[in-house]
Amino acid sequence: MGGQQAPPRPASPGAPGAPGRGRGVSGTVRSALVVTVVHHPADARIRHRQIQALLDAGWQVTYAAPYDDYGLVRPVGVRSLTTIALPRSSGRRRLGALRAARRLLRERAPGHDVVLLHDPELVLATVGLRLPPVVWDVHEDTAAALEVREWLPRPVRRTAAVGMRTMERWAERRMPLLLADHHYADRFRLAHPVVPNTTYVPHDPPPAAQPDREGRLRVVYLGSVTMERGAAEMVEVDRRLRRAGQGRIVLQIIGPAHGRAVQVLEEASRAGDLEWSGFVPNDEAVERLAGALAGLSLLHDEANFRPSMPTKVV
């Protein structure tokens, strides 16, 4: 929440420079197919940074994402942006989304100059297909994440993680990669461009610790919520804040929850222990941080988190 100066707009993933603002040497408008079956369609890295950078550079973008399964209506009327709904890949329900993504790639990718993939399973969906250049945007240490995924039986988590490492090495030999964190480079043999997750800080941010309309001070958390990201600890923090502040301090959680964290937050919210908004579009979510007393980042000591700088700390 500090007062650092707003950085220049970073080079966004998947927005290579091109002559004539998104035009190739022949003068035709360049186009990108951006695909996810895991992430929320309004994911900040994908929609608000990568795709927006492409649109700003004059590219045509086709964005395929799980709109329906997230309860969203596909946006229309956005200049140069076409959207397509795909099934969501979640927990053990992944095969249907993989098949749909493979069908999309086979039918739609050849009409684009580049394909940008955001999920590991999408890399597998490219096998045997004749496609334009494909880029995999590596969002996390997926192998480390698999070792704590609740939907995977414990006896197979290690095997799944080893399989993921093997897939990463296979992908590295077949397509360019973009990395979301400098520490991810240690997992690969070759050098790959790093486009860190970041956020924009206003040049003149509002002062912290501003009471809301009800006269309360707010402590905020912004991001996905899981048990490993501190769901239980957030509930306890809020209870202590309420006692210490005699009800004048409230914890506001902004973001979707996953796994057991859903029940934890639902129960705490019903009991009045905290305020949970669920998913909020990026621009609105960031605005809600203004004037907060403090922000929270309560990641557990897990291999997936250990080497990385949490975006919410930035």
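At a glance:
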item	result
Residue match in the stretch 175-184 (condition: exposed (fewer than 14 other Cβ atoms within 10 Å of the Cβ) and over 19 Å from residue 143 (Cα atoms))	no
Filter result for the condition that a residue is at pLDDT 95 or above and either within 23 Å of the chain's Cα centre (by Cα) or not in a helix (DSSP H, G or I) (or both), over 178, 190	178
Single condition residue 159 does not satisfy, out of (1) in a helix (DSSP H, G or I); (2) within 26 Å of residue 111 (Cβ to Cβ); (3) out of contact with any strand residue (DSSP E or B) (no Cβ under 9 Å at 6 or more places or on another chain)	(2)
Residue within the stretch 81-91 that is hydroxyl-bearing (Ser, Thr, Tyr), assigned to a helix (DSSP H, G or I) and surrounded by fewer than 20 Cβ atoms within 10 Å (Cβ to Cβ) present	no
Qualifying residue in the stretch 119-133 (condition: under 22 Å from residue 61 (Cα atoms), part of a strand (DSSP E or B) and in contact with a Leu (Cβ under 8 Å, 6 or more places away or on another chain))	no
Residue that is surrounded by the fewest Cβ atoms within 10 Å (Cβ to Cβ) [pool: residues in the stretch 278-311 that are within 10 Å of residue 254 (Cβ to Cβ) and either modelled with pLDDT under 85 or small (Gly, Ala, Ser) (or both)]	278
The lone exception for residue 200 - which of (1) outside any loop (DSSP other than H, G, I, E, B); (2) under 23 Å from the mean Cα position of the chain (by Cα) it fails	(1)
Single condition residue 152 does not satisfy, out of (1) more than 30 Å from residue 130 (Cα to Cα); (2) of a type in the set (A, V, I, L, M, F, W, C); (3) at pLDDT 90 or above	(3)
Any hit, the stretch 266-277, residues being loosely packed, with under 15 Cβ neighbours inside 10 Å and assigned to a loop (DSSP other than H, G, I, E, B)	yes
Condition met for residue 126 (in contact with a strand residue (DSSP E or B) (Cβ under 7 Å, 6 or more places away or on another chain) and among the hydroxyl-bearing types (Ser, Thr, Tyr))	yes
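The values are calculated or read from the model by the stated rules, or taken from the named source; none is laboratory data. Since the structure is predicted, the reported quantities are computational estimates derived from the model, not experimental observations. Neighbour counts run over all protein chains shown; Cβ positions are idealised from the backbone, glycine included.
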